[in-house]
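The values are calculated or read from the model by the stated rules, or taken from the named source; none is laboratory data. Worth saying up front: this structure is predicted, and the values here are computed from it rather than measured. Cβ placement follows ideal geometry from the backbone for every residue including glycine, while neighbour counts extend to all protein chains displayed. The area values use the complete protein model at the heavy-atom level, side chains included, leaving out ligands, DNA and RNA. Shrake-Rupley method; radii C 1.70, N 1.55, O 1.52, S 1.80 Å.
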Amino acid sequence: MHDLRLVREQMHLLRDGFARRGKLDTLGPILDRLEGLERDRRALITAVEDRKARRNTLTQEVAQKKRAGEDAAAQVADSRSLGEEIARLEADLSATESTVSGLMLELPNITRDEVPAGDESHNALIREWGTPRLDATVRPHWEVAAELGILDLARGAKVSGTGFIVYRGLGAKMVRALINLMLDTHTTTHGYEETWVPLVVNRTSMTGTTQLPKFEDDMYSLHGDDMFLIPTAEVPITNLYRDEMIDAAELPKALTAYSACFRKEAGAAGKDTRGLLRVHEFDKVELVRYAAPDTSLAELELLTGHAEAILKLLELPYRVLLLAAGDTGFGSSKTYDLEVYAPGVGKWLEVSSCSNFGDFQARRMNIRYRQTAGEKPRFVHTLNGSGLALPRIIAALLEHGQQADGSIAIPAALQPYLGTARLG
RNA sequence: GGAGCGAUGGCCGAGAGGCUGAAGGCACCGGUUUGCUAAACCGGCGUACUGGGAAACUGGUACCGAGGGUUCGAAUCCCUCUCGCUCCGCCA
(Lines give C-alpha, C1' and ligand atoms only; values in the text may rest on other atoms or scores of the structure.)
Protein backbone atom coordinates (compact mmCIF):
# COMPACT_ATOMS: atom_id res chain seq x y z
CA MET A 1 0.00 0.00 0.00
CA HIS A 2 1.16 3.46 -0.87
CA ASP A 3 1.13 6.45 1.43
CA LEU A 4 -1.99 8.48 0.60
CA ARG A 5 0.28 11.51 0.55
CA LEU A 6 1.65 10.24 -2.76
CA VAL A 7 -1.78 10.68 -4.29
CA ARG A 8 -1.87 14.25 -3.04
CA GLU A 9 1.64 15.39 -3.64
CA GLN A 10 3.55 12.97 -5.89
CA MET A 11 1.00 11.74 -8.37
CA HIS A 12 3.62 11.77 -11.13
CA LEU A 13 5.63 9.08 -9.28
CA LEU A 14 2.64 6.77 -9.30
CA ARG A 15 1.79 7.47 -12.94
CA ASP A 16 5.37 6.93 -14.02
CA GLY A 17 5.67 3.75 -11.95
CA PHE A 18 2.49 2.25 -13.38
CA ALA A 19 3.53 3.22 -16.89
CA ARG A 20 6.76 1.27 -16.39
CA ARG A 21 4.65 -1.74 -15.41
CA GLY A 22 2.55 -1.22 -18.53
CA LYS A 23 -0.53 -0.75 -16.33
CA LEU A 24 -1.35 2.89 -16.87
CA ASP A 25 -4.34 2.04 -19.07
CA THR A 26 -6.13 0.34 -16.22
CA LEU A 27 -4.67 2.20 -13.27
CA GLY A 28 -4.67 5.74 -14.68
CA PRO A 29 -8.44 6.11 -14.32
CA ILE A 30 -8.20 4.88 -10.73
CA LEU A 31 -5.63 7.57 -10.00
CA ASP A 32 -7.91 10.20 -11.49
CA ARG A 33 -10.77 9.07 -9.26
CA LEU A 34 -8.53 8.98 -6.22
CA GLU A 35 -7.40 12.52 -6.79
CA GLY A 36 -10.96 13.84 -6.59
CA LEU A 37 -12.00 11.53 -3.76
CA GLU A 38 -9.04 12.57 -1.67
CA ARG A 39 -10.06 16.23 -2.03
CA ASP A 40 -13.61 15.33 -1.01
CA ARG A 41 -12.36 13.33 1.92
CA ARG A 42 -10.42 16.22 3.38
CA ALA A 43 -13.24 18.70 2.84
CA LEU A 44 -15.57 16.36 4.73
CA ILE A 45 -13.10 15.99 7.58
CA THR A 46 -12.91 19.75 7.92
CA ALA A 47 -16.70 20.05 7.89
CA VAL A 48 -17.25 17.31 10.45
CA GLU A 49 -14.61 18.59 12.81
CA ASP A 50 -15.88 22.13 12.63
CA ARG A 51 -19.32 20.99 13.74
CA LYS A 52 -17.94 18.75 16.43
CA ALA A 53 -15.97 21.65 17.85
CA ARG A 54 -19.17 23.71 18.02
CA ARG A 55 -21.06 20.88 19.66
CA ASN A 56 -18.31 20.41 22.24
CA THR A 57 -18.66 24.07 23.19
CA LEU A 58 -22.42 23.71 23.52
CA THR A 59 -22.27 20.62 25.70
CA GLN A 60 -19.89 22.46 28.01
CA GLU A 61 -22.47 25.22 28.31
CA VAL A 62 -25.17 22.67 29.04
CA ALA A 63 -23.10 21.19 31.82
CA GLN A 64 -22.43 24.60 33.35
CA LYS A 65 -26.06 25.67 33.25
CA LYS A 66 -27.24 22.40 34.73
CA ARG A 67 -24.78 22.76 37.58
CA ALA A 68 -26.04 26.30 38.15
CA GLY A 69 -29.63 25.08 38.00
CA GLU A 70 -30.42 27.13 34.88
CA ASP A 71 -32.40 26.19 31.83
CA ALA A 72 -30.33 24.78 28.94
CA ALA A 73 -33.08 23.89 26.51
CA ALA A 74 -31.76 26.19 23.76
CA GLN A 75 -28.28 24.70 23.87
CA VAL A 76 -29.63 21.17 23.95
CA ALA A 77 -31.74 21.86 20.85
CA ASP A 78 -28.82 23.41 18.95
CA SER A 79 -26.58 20.57 19.92
CA ARG A 80 -29.11 18.03 18.79
CA SER A 81 -29.45 19.55 15.34
CA LEU A 82 -25.67 19.77 15.03
CA GLY A 83 -25.56 16.09 15.95
CA GLU A 84 -27.90 15.27 13.09
CA GLU A 85 -25.78 17.24 10.68
CA ILE A 86 -22.66 15.49 11.94
CA ALA A 87 -24.27 12.11 11.41
CA ARG A 88 -25.01 12.97 7.77
CA LEU A 89 -21.52 14.29 7.11
CA GLU A 90 -19.91 11.31 8.80
CA ALA A 91 -21.89 8.90 6.67
CA ASP A 92 -20.53 10.69 3.59
CA LEU A 93 -17.05 10.68 5.01
CA SER A 94 -16.97 7.01 5.83
CA ALA A 95 -18.33 6.09 2.40
CA THR A 96 -15.63 8.22 0.80
CA GLU A 97 -12.93 6.73 3.00
CA SER A 98 -13.88 3.17 2.26
CA THR A 99 -13.88 3.91 -1.47
CA VAL A 100 -10.45 5.50 -1.18
CA SER A 101 -8.95 2.66 0.80
CA GLY A 102 -10.50 0.09 -1.51
CA LEU A 103 -8.91 1.81 -4.49
CA MET A 104 -5.57 2.14 -2.72
CA LEU A 105 -5.52 -1.63 -2.23
CA GLU A 106 -5.76 -2.00 -6.02
CA LEU A 107 -2.56 -0.09 -6.66
CA PRO A 108 0.62 -2.15 -7.07
CA ASN A 109 3.98 -1.05 -5.74
CA ILE A 110 6.23 1.01 -7.97
CA THR A 111 9.57 -0.48 -8.88
CA ARG A 112 12.96 0.97 -8.16
CA ASP A 113 14.81 3.02 -10.75
CA GLU A 114 17.23 0.24 -11.67
CA VAL A 115 14.38 -2.10 -12.62
CA PRO A 116 13.90 -2.16 -16.41
CA ALA A 117 10.59 -0.83 -17.69
CA GLY A 118 8.30 -3.01 -19.78
CA ASP A 119 7.09 -6.61 -19.84
CA GLU A 120 8.95 -9.86 -19.27
CA SER A 121 10.82 -9.56 -22.55
CA HIS A 122 12.81 -6.84 -20.77
CA ASN A 123 13.92 -9.06 -17.90
CA ALA A 124 17.68 -8.65 -17.50
CA LEU A 125 20.14 -11.52 -17.14
CA ILE A 126 22.30 -10.63 -14.16
CA ARG A 127 24.55 -13.69 -13.83
CA GLU A 128 24.83 -17.38 -14.54
CA TRP A 129 26.40 -20.15 -12.53
CA GLY A 130 27.43 -23.56 -13.83
CA THR A 131 26.99 -24.96 -17.30
CA PRO A 132 23.51 -25.95 -18.44
CA ARG A 133 23.53 -29.50 -19.75
CA LEU A 134 22.27 -29.22 -23.32
CA ASP A 135 21.67 -32.87 -24.05
CA ALA A 136 18.71 -34.02 -26.11
CA THR A 137 19.00 -37.57 -24.80
CA VAL A 138 18.06 -36.58 -21.26
CA ARG A 139 14.51 -37.74 -20.57
CA PRO A 140 11.89 -35.71 -18.77
CA HIS A 141 11.73 -36.23 -15.02
CA TRP A 142 8.25 -37.75 -15.00
CA GLU A 143 9.44 -40.64 -17.13
CA VAL A 144 12.48 -41.53 -15.07
CA ALA A 145 10.63 -40.89 -11.82
CA ALA A 146 7.88 -43.31 -12.81
CA GLU A 147 10.47 -45.95 -13.68
CA LEU A 148 12.25 -45.43 -10.39
CA GLY A 149 8.95 -45.67 -8.52
CA ILE A 150 9.50 -42.43 -6.65
CA LEU A 151 6.58 -40.45 -8.08
CA ASP A 152 2.94 -41.58 -8.36
CA LEU A 153 1.09 -38.91 -10.28
CA ALA A 154 -1.88 -41.12 -11.16
CA ARG A 155 -2.71 -41.87 -7.56
CA GLY A 156 -2.16 -38.25 -6.57
CA ALA A 157 -4.75 -37.30 -9.17
CA LYS A 158 -7.11 -39.97 -7.88
CA VAL A 159 -6.84 -38.91 -4.27
CA SER A 160 -6.98 -35.15 -4.84
CA GLY A 161 -6.84 -34.11 -8.48
CA THR A 162 -4.27 -33.30 -11.09
CA GLY A 163 -1.44 -31.26 -9.72
CA PHE A 164 -1.37 -33.08 -6.40
CA ILE A 165 1.73 -35.15 -6.03
CA VAL A 166 2.39 -38.44 -4.33
CA TYR A 167 6.04 -39.18 -3.71
CA ARG A 168 7.06 -42.69 -2.73
CA GLY A 169 10.09 -44.39 -1.31
CA LEU A 170 13.26 -42.43 -1.97
CA GLY A 171 11.15 -39.78 -3.70
CA ALA A 172 9.34 -39.07 -0.44
CA LYS A 173 12.62 -39.21 1.40
CA MET A 174 14.12 -36.76 -1.08
CA VAL A 175 11.49 -34.18 -0.13
CA ARG A 176 12.43 -34.58 3.50
CA ALA A 177 16.15 -34.55 2.66
CA LEU A 178 15.92 -31.35 0.66
CA ILE A 179 13.90 -29.59 3.35
CA ASN A 180 16.47 -30.56 5.95
CA LEU A 181 19.42 -29.54 3.80
CA MET A 182 17.85 -26.15 3.13
CA LEU A 183 16.78 -25.43 6.69
CA ASP A 184 20.11 -26.58 8.11
CA THR A 185 22.01 -24.36 5.70
CA HIS A 186 19.85 -21.29 6.32
CA THR A 187 19.85 -21.63 10.09
CA THR A 188 23.47 -22.63 10.49
CA THR A 189 25.48 -20.78 7.87
CA HIS A 190 23.06 -17.99 6.96
CA GLY A 191 21.81 -17.12 10.46
CA TYR A 192 18.05 -17.46 10.04
CA GLU A 193 15.74 -18.32 12.91
CA GLU A 194 13.75 -21.42 12.10
CA THR A 195 9.98 -21.08 12.53
CA TRP A 196 7.01 -23.36 12.05
CA VAL A 197 3.93 -21.44 11.05
CA PRO A 198 0.23 -22.05 10.32
CA LEU A 199 -0.80 -23.16 6.84
CA VAL A 200 -4.22 -21.58 7.35
CA VAL A 201 -4.41 -17.81 7.76
CA ASN A 202 -7.12 -15.19 8.05
CA ARG A 203 -8.13 -12.47 5.60
CA THR A 204 -6.21 -9.74 7.39
CA SER A 205 -2.94 -11.63 7.00
CA MET A 206 -3.58 -12.28 3.33
CA THR A 207 -4.28 -8.59 2.81
CA GLY A 208 -1.17 -7.59 4.73
CA THR A 209 1.21 -9.35 2.38
CA THR A 210 -0.84 -8.15 -0.67
CA GLN A 211 -2.29 -11.50 -1.84
CA LEU A 212 -5.69 -9.90 -1.19
CA PRO A 213 -7.83 -8.30 -2.41
CA LYS A 214 -6.56 -8.77 -5.97
CA PHE A 215 -5.75 -12.47 -6.07
CA GLU A 216 -8.51 -14.20 -4.16
CA ASP A 217 -9.24 -16.47 -7.13
CA ASP A 218 -5.75 -17.94 -6.96
CA MET A 219 -6.18 -19.17 -3.42
CA TYR A 220 -7.87 -22.08 -1.73
CA SER A 221 -10.26 -20.93 0.96
CA LEU A 222 -11.92 -22.82 3.77
CA HIS A 223 -15.62 -23.27 3.35
CA GLY A 224 -17.55 -21.09 5.77
CA ASP A 225 -14.59 -19.74 7.71
CA ASP A 226 -13.07 -16.83 5.77
CA MET A 227 -9.70 -18.51 6.10
CA PHE A 228 -7.23 -19.39 3.40
CA LEU A 229 -4.58 -21.99 2.69
CA ILE A 230 -1.30 -20.17 2.32
CA PRO A 231 0.21 -19.87 -1.17
CA THR A 232 3.59 -19.30 0.49
CA ALA A 233 4.99 -19.16 4.02
CA GLU A 234 5.74 -15.51 3.28
CA VAL A 235 2.19 -14.80 4.45
CA PRO A 236 2.34 -16.18 8.00
CA ILE A 237 6.00 -15.30 8.56
CA THR A 238 5.74 -11.70 7.43
CA ASN A 239 2.51 -11.25 9.39
CA LEU A 240 4.17 -12.43 12.61
CA TYR A 241 5.06 -8.85 13.46
CA ARG A 242 1.90 -7.19 12.16
CA ASP A 243 0.90 -4.20 14.34
CA GLU A 244 4.17 -4.34 16.25
CA MET A 245 7.18 -2.16 16.88
CA ILE A 246 10.44 -3.97 16.27
CA ASP A 247 13.41 -2.96 18.36
CA ALA A 248 15.96 -1.36 16.00
CA ALA A 249 18.69 -3.49 17.55
CA GLU A 250 16.91 -6.58 16.25
CA LEU A 251 17.13 -5.48 12.62
CA PRO A 252 17.78 -7.07 10.28
CA LYS A 253 15.59 -9.92 11.46
CA ALA A 254 15.88 -13.12 9.45
CA LEU A 255 13.28 -15.90 9.62
CA THR A 256 12.88 -19.10 7.69
CA ALA A 257 10.24 -21.79 7.58
CA TYR A 258 9.38 -24.91 5.70
CA SER A 259 5.77 -25.08 4.62
CA ALA A 260 3.42 -26.67 2.21
CA CYS A 261 2.06 -24.12 -0.29
CA PHE A 262 -1.31 -24.19 -2.03
CA ARG A 263 -2.10 -22.48 -5.31
CA LYS A 264 -5.05 -22.81 -7.62
CA GLU A 265 -2.99 -21.55 -10.56
CA ALA A 266 -6.29 -20.36 -11.94
CA GLY A 267 -4.87 -18.42 -14.86
CA ALA A 268 -2.31 -21.03 -15.85
CA ALA A 269 -4.55 -23.90 -16.89
CA GLY A 270 -2.87 -26.09 -19.49
CA LYS A 271 0.53 -24.44 -19.16
CA ASP A 272 3.53 -26.49 -18.01
CA THR A 273 1.21 -28.99 -16.44
CA ARG A 274 3.26 -32.14 -16.90
CA GLY A 275 5.11 -33.78 -14.08
CA LEU A 276 6.35 -31.46 -11.39
CA LEU A 277 6.43 -28.25 -13.39
CA ARG A 278 3.27 -26.66 -12.02
CA VAL A 279 1.35 -28.18 -9.14
CA HIS A 280 -1.39 -27.10 -6.76
CA GLU A 281 0.34 -28.16 -3.58
CA PHE A 282 4.07 -28.07 -3.10
CA ASP A 283 6.75 -27.79 -0.49
CA LYS A 284 8.99 -24.83 -0.02
CA VAL A 285 11.50 -23.36 2.38
CA GLU A 286 10.93 -19.64 2.62
CA LEU A 287 13.27 -16.85 3.66
CA VAL A 288 11.97 -13.59 5.13
CA ARG A 289 13.93 -10.57 6.26
CA TYR A 290 12.81 -7.41 8.05
CA ALA A 291 15.28 -4.59 7.43
CA ALA A 292 15.87 -0.91 8.05
CA PRO A 293 15.14 1.09 4.88
CA ASP A 294 18.73 2.16 4.26
CA THR A 295 19.96 -1.44 4.19
CA SER A 296 17.16 -3.12 2.33
CA LEU A 297 18.80 -2.95 -1.08
CA ALA A 298 21.88 -4.76 0.22
CA GLU A 299 19.59 -7.13 2.13
CA LEU A 300 18.01 -8.22 -1.14
CA GLU A 301 21.43 -9.16 -2.53
CA LEU A 302 22.17 -11.06 0.67
CA LEU A 303 18.88 -12.95 0.62
CA THR A 304 19.24 -13.81 -3.05
CA GLY A 305 22.72 -15.12 -2.29
CA HIS A 306 21.29 -17.37 0.41
CA ALA A 307 18.89 -18.93 -2.08
CA GLU A 308 21.69 -19.28 -4.64
CA ALA A 309 23.84 -21.06 -2.07
CA ILE A 310 21.36 -23.94 -2.04
CA LEU A 311 21.55 -24.27 -5.81
CA LYS A 312 25.33 -24.37 -5.59
CA LEU A 313 25.15 -27.09 -2.94
CA LEU A 314 22.86 -29.02 -5.25
CA GLU A 315 25.27 -28.38 -8.15
CA LEU A 316 22.42 -27.20 -10.38
CA PRO A 317 23.30 -24.69 -13.11
CA TYR A 318 21.18 -21.58 -12.71
CA ARG A 319 20.75 -18.02 -13.84
CA VAL A 320 19.63 -14.87 -12.05
CA LEU A 321 17.16 -12.54 -13.75
CA LEU A 322 16.24 -9.04 -12.68
CA LEU A 323 12.55 -8.90 -13.49
CA ALA A 324 11.29 -6.01 -15.57
CA ALA A 325 8.66 -3.80 -13.96
CA GLY A 326 5.77 -5.47 -15.79
CA ASP A 327 6.87 -8.92 -14.59
CA THR A 328 7.50 -7.85 -11.00
CA GLY A 329 4.96 -9.03 -8.46
CA PHE A 330 2.19 -6.75 -7.21
CA GLY A 331 3.80 -5.69 -3.95
CA SER A 332 7.45 -5.86 -4.93
CA SER A 333 9.75 -2.95 -5.73
CA LYS A 334 12.51 -5.20 -7.11
CA THR A 335 12.62 -8.92 -7.77
CA TYR A 336 15.28 -11.41 -8.80
CA ASP A 337 14.16 -14.75 -10.16
CA LEU A 338 16.41 -17.79 -9.92
CA GLU A 339 15.99 -20.33 -12.69
CA VAL A 340 17.57 -23.75 -12.99
CA TYR A 341 18.05 -25.54 -16.25
CA ALA A 342 16.14 -28.77 -16.70
CA PRO A 343 17.58 -30.51 -19.79
CA GLY A 344 14.88 -33.18 -19.99
CA VAL A 345 12.16 -30.64 -20.63
CA GLY A 346 14.60 -28.20 -22.22
CA LYS A 347 13.52 -25.29 -20.04
CA TRP A 348 14.68 -22.89 -17.41
CA LEU A 349 12.52 -23.41 -14.34
CA GLU A 350 11.80 -20.70 -11.82
CA VAL A 351 12.69 -22.07 -8.40
CA SER A 352 12.93 -18.86 -6.40
CA SER A 353 11.68 -15.33 -6.54
CA CYS A 354 13.50 -12.91 -4.23
CA SER A 355 11.78 -9.61 -3.62
CA ASN A 356 12.25 -6.35 -1.80
CA PHE A 357 8.87 -4.89 -0.91
CA GLY A 358 10.18 -1.66 0.51
CA ASP A 359 7.61 -0.40 3.02
CA PHE A 360 4.67 -1.50 0.85
CA GLN A 361 3.76 -4.53 2.95
CA ALA A 362 4.85 -2.92 6.21
CA ARG A 363 2.44 -0.02 5.70
CA ARG A 364 -0.45 -2.45 5.22
CA MET A 365 0.64 -4.45 8.23
CA ASN A 366 1.77 -1.54 10.38
CA ILE A 367 5.19 -2.98 11.19
CA ARG A 368 7.45 -0.23 12.46
CA TYR A 369 10.69 0.42 14.24
CA ARG A 370 12.34 3.40 15.89
CA GLN A 371 15.78 4.24 14.56
CA THR A 372 16.73 5.97 17.81
CA ALA A 373 14.87 6.38 21.07
CA GLY A 374 12.35 9.22 20.98
CA GLU A 375 12.31 9.42 17.20
CA LYS A 376 9.11 8.91 15.25
CA PRO A 377 8.44 5.31 14.27
CA ARG A 378 9.13 4.37 10.66
CA PHE A 379 7.94 1.44 8.60
CA VAL A 380 10.43 -1.38 8.20
CA HIS A 381 11.21 -2.85 4.83
CA THR A 382 10.25 -6.47 4.19
CA LEU A 383 11.93 -8.95 1.88
CA ASN A 384 11.38 -12.54 1.04
CA GLY A 385 12.45 -15.28 -1.31
CA SER A 386 12.09 -18.98 -1.79
CA GLY A 387 15.02 -20.91 -0.58
CA LEU A 388 13.83 -23.00 -2.44
CA ALA A 389 10.65 -24.47 -3.96
CA LEU A 390 10.97 -28.25 -4.12
CA PRO A 391 9.10 -29.75 -7.08
CA ARG A 392 11.09 -28.04 -9.77
CA ILE A 393 14.30 -28.67 -7.86
CA ILE A 394 13.45 -32.36 -7.83
CA ALA A 395 12.67 -32.19 -11.54
CA ALA A 396 16.01 -30.54 -12.21
CA LEU A 397 17.89 -33.05 -10.05
CA LEU A 398 16.27 -35.93 -11.90
CA GLU A 399 17.16 -34.47 -15.25
CA HIS A 400 20.50 -32.78 -14.65
CA GLY A 401 21.82 -35.77 -12.70
CA GLN A 402 20.55 -38.33 -15.15
CA GLN A 403 23.10 -40.95 -16.24
CA ALA A 404 23.26 -42.95 -19.47
CA ASP A 405 21.92 -46.04 -17.70
CA GLY A 406 18.89 -44.16 -16.41
CA SER A 407 20.17 -43.81 -12.87
CA ILE A 408 20.38 -40.47 -11.12
CA ALA A 409 23.55 -39.10 -9.50
CA ILE A 410 22.85 -37.32 -6.21
CA PRO A 411 24.94 -34.22 -5.42
CA ALA A 412 27.40 -34.72 -2.58
CA ALA A 413 25.74 -32.24 -0.22
CA LEU A 414 22.42 -34.09 -0.41
CA GLN A 415 23.85 -37.59 -0.02
CA PRO A 416 24.07 -37.62 3.78
CA TYR A 417 20.44 -36.47 3.98
CA LEU A 418 19.18 -38.96 1.41
CA GLY A 419 21.41 -41.80 2.50
CA THR A 420 22.52 -42.68 -1.00
CA ALA A 421 24.68 -41.32 -3.81
CA ARG A 422 22.49 -42.62 -6.58
CA LEU A 423 18.93 -43.43 -7.49
CA GLY A 424 18.34 -46.53 -9.60
C1' G B 1 -19.75 -25.85 21.83
C1' G B 2 -21.47 -23.70 26.99
C1' A B 3 -20.61 -20.43 31.51
C1' G B 4 -17.98 -16.70 34.20
C1' C B 5 -14.23 -12.91 34.54
C1' G B 6 -11.24 -9.44 32.12
C1' A B 7 -8.90 -5.75 28.16
C1' U B 8 -7.34 1.91 30.33
C1' G B 9 -0.84 5.54 27.87
C1' G B 10 6.10 2.15 26.88
C1' C B 11 4.73 -0.81 31.60
C1' C B 12 1.75 -1.22 36.32
C1' G B 13 -2.79 0.80 37.85
C1' A B 14 -7.20 4.32 39.51
C1' G B 15 -11.63 6.23 37.44
C1' A B 16 -18.10 4.02 37.01
C1' G B 17 -22.35 9.90 32.44
C1' G B 18 -20.17 16.51 31.94
C1' C B 19 -14.93 19.68 35.94
C1' U B 20 -10.67 13.29 32.42
C1' G B 21 -6.00 13.13 27.40
C1' A B 22 -7.21 10.51 31.41
C1' A B 23 -5.11 10.24 39.25
C1' G B 24 -0.86 7.67 41.23
C1' G B 25 3.49 4.74 40.44
C1' C B 26 7.53 2.70 37.28
C1' A B 27 10.45 3.59 33.03
C1' C B 28 12.40 7.53 29.97
C1' C B 29 14.30 12.77 28.87
C1' G B 30 16.04 17.76 30.73
C1' G B 31 17.61 20.55 34.98
C1' U B 32 19.16 21.71 40.31
C1' U B 33 22.08 19.91 44.24
C1' U B 34 25.62 16.51 46.53
C1' G B 35 33.64 15.97 45.01
C1' C B 36 32.22 10.25 40.84
C1' U B 37 28.07 6.19 40.63
C1' A B 38 23.59 6.54 43.24
C1' A B 39 19.84 9.31 45.85
C1' A B 40 16.67 13.71 46.55
C1' C B 41 14.04 17.67 44.38
C1' C B 42 11.96 20.52 40.01
C1' G B 43 10.18 20.21 35.09
C1' G B 44 8.98 17.43 30.77
C1' C B 45 7.09 13.03 28.76
C1' G B 46 1.23 9.53 23.77
C1' U B 47 -0.54 8.67 18.83
C1' A B 48 -3.22 9.70 14.38
C1' C B 49 -5.83 12.82 11.23
C1' U B 50 -6.83 17.78 9.74
C1' G B 51 -6.34 23.38 9.24
C1' G B 52 -2.59 27.61 9.50
C1' G B 53 2.83 28.54 9.03
C1' A B 54 9.03 28.35 5.00
C1' A B 55 10.02 26.55 9.82
C1' A B 56 10.21 26.54 15.24
C1' C B 57 5.33 26.24 16.32
C1' U B 58 0.15 26.46 16.63
C1' G B 59 -5.75 25.89 16.13
C1' G B 60 -9.17 21.78 15.81
C1' U B 61 -10.88 16.63 15.91
C1' A B 62 -10.40 11.68 17.35
C1' C B 63 -8.39 7.79 20.31
C1' C B 64 -9.48 3.95 27.41
C1' G B 65 -9.52 -4.01 22.85
C1' A B 66 -12.80 -3.37 17.81
C1' G B 67 -17.51 -1.96 15.72
C1' G B 68 -22.43 -0.25 16.51
C1' G B 69 -26.32 2.01 19.84
C1' U B 70 -28.58 5.22 23.88
C1' U B 71 -27.75 10.57 25.25
C1' C B 72 -27.42 17.53 24.33
C1' G B 73 -22.85 14.91 26.13
C1' A B 74 -19.87 8.08 26.90
C1' A B 75 -13.46 5.39 29.27
C1' U B 76 -18.13 5.16 32.28
C1' C B 77 -24.82 2.66 30.23
C1' C B 78 -26.63 -1.12 26.20
C1' C B 79 -25.60 -4.60 21.96
C1' U B 80 -22.27 -7.41 18.73
C1' C B 81 -17.44 -9.07 17.86
C1' U B 82 -12.11 -10.13 18.87
C1' C B 83 -8.49 -11.62 22.18
C1' G B 84 -6.84 -13.40 27.16
C1' C B 85 -7.74 -16.14 31.78
C1' U B 86 -10.83 -19.77 34.69
C1' C B 87 -14.39 -23.70 34.67
C1' C B 88 -17.64 -27.45 31.98
C1' G B 89 -18.27 -30.46 27.57
C1' C B 90 -15.84 -32.72 23.36
C1' C B 91 -11.41 -34.34 21.15
C1' A B 92 -5.92 -36.00 18.02
Which residues, taken from segment A:216-254, are under 14 Å from A:GLN361 (Cβ atoms) and among the aromatic types (Phe, Trp, Tyr)? A:TYR241
All conditions in (1) free of Cβ contacts under 8 Å to residues at least 60 places away in the same chain; (2) over 22 Å from the mean Cα position of the chain (by Cα) are true of A:ASP113 except (2)
Go through the residues of segment A:175-193 one by one and say whether even a single one is touching a residue at least 12 places away in the same chain (Cβ under 8 Å), among the polar types (S, T, N, Q) and open to solvent by less than 50 Å² (accessible area, probe 1.4 Å). yes
Return yes when A:LEU107 is within 16 Å of RNA strand B (Cβ to nearest atom), within 30 Å of A:LEU322 (Cα to Cα) and in contact with a Leu (Cβ under 7 Å, 6 or more places away or on another chain) and no when it is not. no
How many residues of segment A:365-424 are assigned to a loop (DSSP other than H, G, I, E, B) and not hydrophobic (A, V, I, L, M, F, W, C)? The answer is 17
Helices (runs of 4 or more DSSP H) lying entirely in segment A:1-90 (those with 2 or more residues that are β-branched (Val, Ile, Thr) and open to solvent by 60 Å² or more (accessible area, probe 1.4 Å)): A:24-68
Report whether or not A:GLY344 is in the same structural domain as A:GLY385 (by TED's automatic domain parsing) and within 23 Å of A:VAL138 (Cβ to Cβ). yes
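So that you can scan it fast, the table gives a plain yes or no per residue for (1) closer than 20 Å to A:ASP359 by Cβ; (2) outside the structural domain of A:GLY385 (by TED's automatic domain parsing); (3) more than 19 Å from the chain's Cα centre (by Cα); (4) touching a residue at least 12 places away in the same chain (Cβ under 8 Å):
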{"residue": "A:VAL235", "(1), (2), (3), (4)": "yes, no, no, yes"}
{"residue": "A:THR238", "(1), (2), (3), (4)": "yes, no, no, yes"}
{"residue": "A:TYR241", "(1), (2), (3), (4)": "yes, no, no, yes"}
{"residue": "A:ILE246", "(1), (2), (3), (4)": "yes, no, yes, yes"}
{"residue": "A:LEU251", "(1), (2), (3), (4)": "yes, no, yes, yes"}
{"residue": "A:TYR258", "(1), (2), (3), (4)": "no, no, no, yes"}
{"residue": "A:ARG263", "(1), (2), (3), (4)": "no, no, no, yes"}
{"residue": "A:LEU276", "(1), (2), (3), (4)": "no, no, yes, yes"}
{"residue": "A:ASP283", "(1), (2), (3), (4)": "no, no, no, yes"}
Could you pull out the residue among A:ARG370, A:ARG392, A:ARG363 that is in contact with a Phe, Trp or Tyr (Cβ under 9 Å, 6 or more places away or on another chain) and within 16 Å of RNA strand B (Cβ to nearest atom)? A:ARG363
Pick from segment A:10-39 the residues that are closer than 20 Å to A:GLY118 by Cα and of a type in the set (Asp, Glu): which of them is farthest from RNA strand B (Cβ to nearest atom)? A:ASP25
In this structure, does A:GLY305 turn out to be part of a helix (DSSP H, G or I), among the small types (Gly, Ala, Ser) and farther than 26 Å from A:ASP135 by Cβ? yes
Residues being open to solvent by less than 10 Å² (accessible area, probe 1.4 Å) and not in a loop (DSSP other than H, G, I, E, B) - total across segment A:312-336: 4
Would you check if there is a residue in segment A:68-83 being basic (Lys, Arg) and within 11 Å of RNA strand B (Cβ to nearest atom)? yes
Leading residue by the ranking (surrounded by the fewest Cβ atoms within 10 Å (Cβ to Cβ)) among those in segment A:124-166 that are charged (D, E, K, R) and part of a loop (DSSP other than H, G, I, E, B): A:ASP135
Count of residues meeting criterion [away from RNA strand B (no atom under 11 Å from the Cβ) and either among the charged types (D, E, K, R) or not assigned by TED's automatic domain parsing to the domain that holds A:ARG8 (or both)] in segment A:86-100: 2
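Tell me yes or no: at least one residue of segment A:51-70 is closer than 30 Å to A:ARG364 by Cβ and of a type in the set (Gly, Ala, Ser).
Initially, segment A:51-70 is screened for residues closer than 30 Å to A:ARG364 by Cβ, giving A:52.
Among the residues that remain, those that are also of a type in the set (Gly, Ala, Ser) are: none.
There is no residue in segment A:51-70 that is closer than 30 Å to A:ARG364 by Cβ and of a type in the set (Gly, Ala, Ser).
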A:PHE360 is checked against (1) buried (at least 22 other Cβ atoms within 10 Å of the Cβ); (2) under 21 Å from A:MET174 (Cβ atoms); (3) of a type outside the set (Gly, Ala, Ser) and fails just one. What number does that condition carry? (2)
